[in-house]
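Taking it in order: structure first as structure tokens, then the write-up.
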Amino acid sequence: SRSGSSCRPFGLTPDPNKTDPMANLVGGQIFIRVNGKQLKAKGAFTFNAGFQKNEMVLGHDGVHGPKVMPQIPKIEGNITLDSANFGLRELASVANATVTLEFADGTVGTLSEAWQTAELDINTEEGEVGVAFQGVTGAIV
């Protein structure tokens, strides 16, 4: 019996002086879900939480000053079609949904009251379709 032994591979013992490498990830594996149902994410996705956008007002005589504009919270990217799990008709009818995008570091972007707004053009060679979800509110958790 080897009670108290760890299940780590040989030579891989944690260094108490180093931080968790997952906490420093800036990209990589992602997961997208619509009402908890996972889609097959493919390629790069973008997320906008809908924070205010600061802009400058420009007149013919120069810069007049700042203004603040709202943005639509959104998630966009490409997925591989999966008719058995989440078909094209189901995608086209997404309305008033909760859509989440989980980043490689564990951060989750969330859209509430979201609608699917892309044209859903299908690439038949790769079986992929572009999706775009826009929500009433967005958050980063």
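Of the strands (runs of 3 or more DSSP E) lying entirely inside the range 68-141, those containing at least 1 residues that are without any contact (Cβ under 8 Å) to a residue 60 or more places away in the chain and of a type in the set (D, E, K, R) are 74-80, 108-116. Taking the listed residues Ala95, Ala114, Ala49, Ala104, the one that is at pLDDT below 95 and within 18 Å of the chain's Cα centre (by Cα) is Ala104, with no other qualifying. Looking across the range 24-46, the residues that are at pLDDT below 90, exposed (fewer than 10 other Cβ atoms within 10 Å of the Cβ) and within 17 Å of the chain's Cα centre (by Cα) come down to Val26, Gly27, Gly28, Gln29. Test Val136 against the stated conditions and say whether it is at pLDDT 95 or above and either at positive phi or not charged (D, E, K, R) (or both). For Val136, the condition - at pLDDT 95 or above and either at positive phi or not charged (D, E, K, R) (or both) - is met.
Out of all the residues in the range 91-99, is one or more of a type outside the set (Lys, Arg), in contact with a helix residue (DSSP H, G or I) (Cβ under 8 Å, 6 or more places away or on another chain) and surrounded by fewer than 14 Cβ atoms within 10 Å (Cβ to Cβ)? Checked against the condition, which is being of a type outside the set (Lys, Arg), in contact with a helix residue (DSSP H, G or I) (Cβ under 8 Å, 6 or more places away or on another chain) and surrounded by fewer than 14 Cβ atoms within 10 Å (Cβ to Cβ), the range 91-99 yields no hits at all. The single condition among (1) open to solvent by 60 Å² or more (accessible area, probe 1.4 Å); (2) modelled with pLDDT of 60 or more; (3) over 26 Å from Ala84 (Cα atoms); (4) part of a loop (DSSP other than H, G, I, E, B) that Asn54 does not meet is (4). When the range 57-73 is filtered for residues that are touching a Gly at 6+ places or on another chain (Cβ under 7 Å) and surrounded by 10 or more Cβ atoms within 10 Å (Cβ to Cβ), the ones remaining, listed by number, are Gln71, Ile72, Pro73. Screening Val63 against (1) within 12 Å of the chain's Cα centre (by Cα); (2) at pLDDT 95 or above leaves a single unmet condition, (1).
The values are calculated or read from the model by the stated rules, or taken from the named source; none is laboratory data. Since the model is a prediction, treat every value here as computed from it, not as a measurement. FYI the Cβ positions are ideal-geometry reconstructions off the backbone, even for glycines, and counts take in every protein chain you see. For the accessible areas, the whole protein counts, side chains as well, though only heavy atoms, and no ligand, DNA or RNA atoms are used. Shrake-Rupley method; radii C 1.70, N 1.55, O 1.52, S 1.80 Å.
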